[in-house]
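The values are calculated or read from the model by the stated rules, or taken from the named source; none is laboratory data. None of the values given here were measured: they were computed from a predicted structure. Heads up, the Cβs are rebuilt from the backbone with ideal geometry, glycines too, and the neighbour counts pull from every protein chain shown.
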Amino acid sequence: MKYLLIALAAVACTVQLSNAFSREAAKEMLHDYRVKNQNFHIDDLENTVTELEEELEGLGDIPDASTIAALKARIRNLEGTGCDEDHVQCGGDVPECISPLFVCDGQDDCKNGRDEEDDVCSMDPVKVGTTYSGITSWSDCVLHSPHMTVITITAFERPPAYTARVYVRAVVSFEVDEHSHLVQSYSAKGYWDFGHHRLNLIPNDSTQGGGHGISCSFNLGNHEEADCKIGLVTSKHQCAAFHAKKV
């Protein structure tokens, strides 16, 4: 009986060790998988960036400034800025993040002065009469066939005491019936964010526009086109998207 108890205890101990080993082995396998997955993502990103850089170098001796700016913007969008959403990147050899509230405020807050340069502080995207349009595709919120969305700037104001933003008024038009080409429009208000190069609009009247706001990021190296998202004003849940081009 004594030897039987000893044998049973040995078996139990072996099972516990086996389970412990299995758990540790599983943890190691999971860790290795995560590391390999991250390395794969980094390698893929580096390959994409390298291809873009090679494309930039192979453009010829004198590529135009807009082409260079567009390629640099694509690289920046892939790599990220290294700043959180509430800050913007100054650029240059030494990465530096500042608040967008300090961009275009009349003082150099970036060490390289990038936050006050003319192209950063340009108000061209929100000049009166400027119009952007694009085909909108809906993924949520309401059922809509792809349709044209048009944004036209009707007014802007840059308060002297708060120059980092330009307050704008606009008219948003979109096709509600592709067969009859019925167009619906509503007035919108919002602001241009110099730091993020972003135009944000919401309906003047909450009963119009389906309760949707529009946010357009001019992240392509120019003021001629932008990636726009349509979302619920109350929750910021994204419902649709379109690539807008200046008309």
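Against the test of being of a type in the set (Phe, Trp, Tyr) and surrounded by fewer than 15 Cβ atoms within 10 Å (Cβ to Cβ), the options Tyr162, Tyr167, Tyr186 yield a single qualifying residue, Tyr162. Scanning the stretch 118-149 for residues that are surrounded by 15 or more Cβ atoms within 10 Å (Cβ to Cβ) and without any contact (Cβ under 8 Å) to a residue 60 or more places away in the chain gives His147, Met148. Whenever a residue of the stretch 220-247 is part of a strand (DSSP E or B), its partners that are among the aromatic types (Phe, Trp, Tyr), lying with C-beta atoms within less than 6 angstrom and at least six residues away or across chains, give the pairs Ala226/Phe218; Cys228/Phe242; Ala240/Trp138; Ala244/Tyr132; Lys246/Tyr132.
When residues in the stretch 134-145 are screened for being closer than 18 Å to Cys216 by Cβ and of a type outside the set (A, V, I, L, M, F, W, C), 4 of them pass. Scan the stretch 193-218 for residues that are modelled with pLDDT under 85 and either surrounded by 19 or more Cβ atoms within 10 Å (Cβ to Cβ) or closer than 16 Å to Gly134 by Cα (or both) and the total you get is 1.
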